[in-house]
Amino acid sequence: MRLILFDIDGTLLWTSGAGRRAIHRALLEEMGTAGPIDTYRFDGKTDPQIVRELLAMAGHPDCESEDRITAVCERYVSLLTAELAKPTQTTSLYPGIKELLSALEPYEAEARAIVGLLTGNVRDGAALKLRSAGLDFARFAVGAFGSDSHRRSDLPAVAAQRATERTGRRFSGADLVVVGDTPDDVACARPMGARTVAVATGFYKPDALRAAGATHVFDNLGDTQAVLHALFS
Ligand SMILES: [Mg+2]
């Protein structure tokens, strides 16, 4: 059985900057500074990592405080709710995502696959973004989130453990496939020997994802049959 773990931002969907705006405001309201946020890259990072790094770059004395980082992330979730509810908000799924998720259903029904999330979003933020794009959070059987660890590299093992609890099966090495849009998605898969399907719908070009060591690289996930072949190869 394959455990297929999808990243969210840049891979499944794009929130048109709503996540960035919500974190920016949450930092200002909770901590009084958002550091050098205008030049800081979010992709591939977990939400608590983003908060900690921006506070550290701002020289904030509480940049290592778990309680303060959690408080920013909680405020972020309520601000994200408001951002995503704005009439001007557009959250878009990338080409082929709906079709791919539908095409995976028979594999799940036959116990050939379990489909989950592996994302730097905190769990509640992940659910909000998916809903904003018309996807049901419950469609994903398991997940590992930024709220589980600051470090993305911890997340494949968290997801694998949850998949084991759900199915009674063990997942290791090539049983795991991480689908993501950044070199960090590719790198996080390496310690477990997981395979990676990288997609260039985010910031990174195919060459950069190939150089990061991705097993398969696509411009987008629009060719359902080719992506299925990669996921189950
Ligand atoms: Mg991403």
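Values for this structure:
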item	result
Residue among Arg52, Arg2 that alone is in contact with a Leu (Cβ under 8 Å, 6 or more places away or on another chain) and charged (D, E, K, R)	Arg2
Residues of region 1-11 satisfying the condition of being crowded, with 17+ Cβ neighbours inside 10 Å and more than 11 Å from the ligand (Cβ to nearest atom)	Arg2, Leu3, Ile4, Leu5
Leading residue by the ranking (farthest from Ile97 (Cα to Cα)) among those in region 185-233 that are of a type in the set (D, E, K, R) and surrounded by fewer than 19 Cβ atoms within 10 Å (Cβ to Cβ)	Arg190
Helices (runs of 4 or more DSSP H) wholly inside region 1-117 that include at least 3 residues being more than 22 Å from His150 (Cβ to Cβ)	66-85, 97-109
From the options Arg151, Arg162, residue that is within 18 Å of the chain's Cα centre (by Cα), over 19 Å from Phe42 (Cα atoms) and at pLDDT 95 or above	Arg162
Which numbered condition Gln89 fails, given (1) away from the ligand (no atom under 16 Å from the Cβ); (2) over 30 Å from Gly222 (Cβ atoms); (3) surrounded by fewer than 20 Cβ atoms within 10 Å (Cβ to Cβ); (4) touching a residue at least 60 places away in the same chain (Cβ under 8 Å)	(2)
Near pairs, Cβ below 6 angstrom, 6+ apart or cross-chain, from region 212-227 (closer than 14 Å to Gly202 by Cα) to any residue that is assigned to a helix (DSSP H, G or I)	Val217/Pro206; Val217/Leu209; Val217/Arg210; Leu221/Leu100; Leu221/Val227
Hits in region 12-67 - residues which are within 23 Å of the chain's Cα centre (by Cα), surrounded by fewer than 20 Cβ atoms within 10 Å (Cβ to Cβ) and polar (S, T, N, Q)	Ser16, Thr39, Gln49
Output for region 42-63, where each listed residue is without any contact (Cβ under 8 Å) to a residue 40 or more places away in the chain, touching a helix residue (DSSP H, G or I) at 6+ places or on another chain (Cβ under 7 Å) and of a type in the set (Asp, Glu)	Asp62
Entirely in region 179-233, the helices (runs of 4 or more DSSP H) that have 3 or more residues that are farther than 20 Å from Glu105 by Cα and assigned by TED's automatic domain parsing to the domain that holds Leu117	183-189, 206-211
Search result, residues across region 1-31 that are without any contact (Cβ under 8 Å) to a residue 12 or more places away in the chain and not aliphatic (A, V, I, L, M)	Gly17
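Results for (1) within 16 Å of the ligand (Cβ to nearest atom); (2) hydrophobic (A, V, I, L, M, F, W, C); (3) surrounded by 23 or more Cβ atoms within 10 Å (Cβ to Cβ), shown as yes or no for each residue.
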| position | (1), (2), (3) |
| --- | --- |
| Leu79 | no, yes, no |
| Ala85 | no, yes, no |
| Leu93 | yes, yes, no |
| Glu105 | no, no, no |
| Glu108 | no, no, no |
| Leu118 | yes, yes, yes |
| Arg131 | no, no, no |
| Asp136 | no, no, no |
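The values are calculated or read from the model by the stated rules, or taken from the named source; none is laboratory data. What you see is a predicted model; the values in this text were computed from it and never measured. Cβ coordinates were reconstructed from backbone atoms using ideal geometry, including for glycine residues, and neighbour counts include every protein chain displayed.
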